[in-house]
Amino acid sequence: MRILGKAALAAIFASSALLAACDSNDGPMEEAGEKVDQAVESMDTQGTMEEMGEQMDEAMADAEAHMEAMGEEMEEAMEESEESMEEMGDDMKGAAAE
């Protein structure tokens, strides 16, 4: 068992040495990937997210204002409809009485 463990440890060190040697010769794809990584890390997402949140708040306020205006218009329409119905009822009573 000890021999097997030592052989595995030697294999791990050898493979890590090979991987370290490969890292020094970056190809064009590796360099492009590193540039993308740097660009993503340097992005200021806080400002963008904050702006989006403010826009959402404004949109919600606009929607609430429109809903309130619609509610007022509906209330006025209902009152007019009620008055019209009462007038029709009065007219029907008058016609029935004649």
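The values are calculated or read from the model by the stated rules, or taken from the named source; none is laboratory data. All values reported here derive from a predicted model rather than from experimental measurement. The protein model used for the area step is the full one, side chains on, heavy atoms only, and it has no ligands, DNA or RNA in it. Shrake-Rupley method; radii C 1.70, N 1.55, O 1.52, S 1.80 Å.
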Tell me, what % of the accessible area of the stretch 49-98 is carbon and sulfur with a 1.4 angstrom probe? 56
Gain in span if fully extended, GLU34 to GLU64, counting 0.36 nm per residue against the direct Cα distance: 6.2 nm
The stretch 27-98, Cα convex hull volume normalised per residue, Å³: 89
